[in-house]
Amino acid sequence: RIGMDFATLSLKRLVERIILISGDTDMLPAIKLARREGIQVCVVQVGTQGRLAPALIEDSDLVRQITPVP
């Protein structure tokens with residue numbers, strides 16, 4: 001469903017930027033669609049455990065890492 005939201009927001013030009021807090025590579029088609037439509041896509045990695053898939057890093061405009069406060 002998030003992919004459908006990406007598509008709708010992108011195709012209708014309702015946003016300028018989408019921030020994805022997920023490492024799920026299933027989102028790659030939605031990310032690519034949004035970028036083709038001129039939407040900036042930022043992928044956020046939470047914590048240091050696990051790494052983002054290289055494809056997510058390559059296909060996004062911006063990657064940020066955040067560290068949760070204990």
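Taking interchain pairs and intrachain pairs at least six residues apart, which have beta carbon atoms under 6 angstrom, with the first residue in the stretch 37-53 and at pLDDT 80 or above and the second among the polar types (S, T, N, Q) and not in a loop (DSSP other than H, G, I, E, B)?
37/10; 39/10; 45/65; 52/45; 53/25
Does residue 38 satisfy being in contact with a Pro (Cβ under 9 Å, 6 or more places away or on another chain) and at positive phi?
Taking the combined requirement at face value, the residue does not satisfy it.
The values are calculated or read from the model by the stated rules, or taken from the named source; none is laboratory data. What you see is a predicted model; the values in this text were computed from it and never measured. Neighbour counts run over all protein chains shown; Cβ positions are idealised from the backbone, glycine included.
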